[in-house]
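For reference, the structure is listed below as structure tokens.
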Amino acid sequence: MAAIERFEDIRSWQLARRLAHEIFLVTQREPVRYDFSLKDQINKSMGSIMDNIAEGFERDGNKEFIQFLFISKASAGEARSQWYRMFDRNYTSGAEYERIMAELNQISYLIKRLINYLKESEMKGSKFRNRD
């Protein structure tokens with residue numbers, strides 16, 4: 001795995017950012033724009049994926065980062081569940097539904113791979129380095 005110096009370098013964060021914007025645009029279409037609860041829920045879930053990756057990374061410790069990655073992964077699951085509701089309410093087409101669902105699954109997969117990598121890593125995080 002390549003060295004990550006900023007949370008913006010994390011592939012799952014990058015994908016979540018792009019997909020959050022795309023889902024936001026979907027929620028601006030009629031009639032979903034008037035389904036305030038679902039529209040707000042899915043946009044918040046997408047933001048939570050990104051935000052928890054960023055916050056965990058900035059904690060500078062693997063244990064905390066892993067904890068926040070699990071929260072981020074859970075938010076991806078929440079967004080997938082909400083995306084099902086978007087489809088069931090005919091707010092999205094079959095092709096768009098399938099493509100975005102595949103991307104949400106990809107984000108979950110990448111987060112899980114990062115969690116596994118961090119669990120196996122000997123590096124505990126930069127806040128645990130010896131400071132001279």
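Determine which member of the set ASP40, ASP51 is surrounded by 17 or more Cβ atoms within 10 Å (Cβ to Cβ) and among the acidic types (Asp, Glu).
ASP51
Please return the ranges of helices (runs of 4 or more DSSP H) entirely within the range 30-120 where 3 or more residues are in contact with an Asp or Glu (Cβ under 8 Å, 6 or more places away or on another chain) and within 19 Å of LEU15 (Cα to Cα).
Ranges flagged: 36-58.
Mind checking which pairs have a first residue in the range 99-111 that is closer than 16 Å to ILE53 by Cα and a second that is surrounded by fewer than 20 Cβ atoms within 10 Å (Cβ to Cβ) and aliphatic (A, V, I, L, M), Cβ under 9 Å, 6 or more apart or different chains?
Filtered contacts from the range 99-111: GLN106/LEU15; ILE107/LEU15; LEU110/LEU15.
Go over the candidates ARG6, ARG85, ARG29, ARG33 one by one and state the one that is modelled with pLDDT of 95 or more, closer than 22 Å to ILE115 by Cβ, surrounded by fewer than 20 Cβ atoms within 10 Å (Cβ to Cβ) and out of contact with any strand residue (DSSP E or B) (no Cβ under 6 Å at 6 or more places or on another chain).
None of the other options fit; the residue is ARG6.
Return the residue satisfying two criteria in turn: it lies in the range 76-116 and is within 18 Å of the chain's Cα centre (by Cα) and small (Gly, Ala, Ser), and of such residues it is nearest to THR27 (Cα to Cα).
Among them, the one singled out is ALA79.
Of the residues GLU78, GLU64, GLU58, which single one is surrounded by fewer than 15 Cβ atoms within 10 Å (Cβ to Cβ), in contact with a helix residue (DSSP H, G or I) (Cβ under 9 Å, 6 or more places away or on another chain), modelled with pLDDT of 95 or more and closer than 30 Å to LYS124 by Cα?
GLU58
Within the range 61-68, does at least one residue satisfy the condition of being under 23 Å from ALA102 (Cβ atoms) and free of Cβ contacts under 8 Å to residues at least 60 places away in the same chain?
no
The values are calculated or read from the model by the stated rules, or taken from the named source; none is laboratory data. Everything quoted here is computed from the prediction, not taken from an experiment. Cβ atoms come from the backbone with ideal geometry, glycine included; neighbour counts cover every protein chain shown.
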